[in-house]
Amino acid sequence: MVTSPDHNPQDLAVLSQLIEVLDQLGIQYAVGGSLASSAYGVVRFTQDADITVPPFLDRIVPFVKRIESRFYVSQEAVMQANHLRSSFNLIHI
């Protein structure tokens, strides 16, 4: 479980849900953004997480299927980001 004293426990629970899916699918990741910054003692105003992953073209469909009930996610955007090595957004619902 991700922990940080300066953030809402719900934010950390959401991040943990996403990390669990990445782990289950064997997708490597690095966490940045304000949640990670706060964990290292530098509190930021925003409350977000930036997660960096390498391309995972062969796991896009299972990734989307596992998170689509909890996050707004566009499979097309995930595919495009994987092909272009760019970013896509996930929004917790």
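Name, by its number, the condition in (1) open to solvent by 30 Å² or more (accessible area, probe 1.4 Å); (2) at pLDDT 90 or above; (3) not polar (S, T, N, Q) that does not hold for ILE60.
If we test ILE60 against (1) open to solvent by 30 Å² or more (accessible area, probe 1.4 Å); (2) at pLDDT 90 or above; (3) not polar (S, T, N, Q), just (1) comes out false.
Which of the residues that make up the range 25-49 are loosely packed, with under 12 Cβ neighbours inside 10 Å and at pLDDT 90 or above?
GLY26, GLN28, ALA30
Considering the range 64-93 alone, what residues qualify as being basic (Lys, Arg) and open to solvent by less than 90 Å² (accessible area, probe 1.4 Å)?
Passing the criteria: only ARG70.
The values are calculated or read from the model by the stated rules, or taken from the named source; none is laboratory data. Note that the structure is a prediction, hence the values are computed from the model and not measured. Glycine also receives a Cβ, built like all others from the backbone with ideal geometry; neighbour counts cover every protein chain displayed. Accessible surface areas use protein heavy atoms only, side chains included; no ligands, DNA or RNA. Shrake-Rupley method; radii C 1.70, N 1.55, O 1.52, S 1.80 Å.
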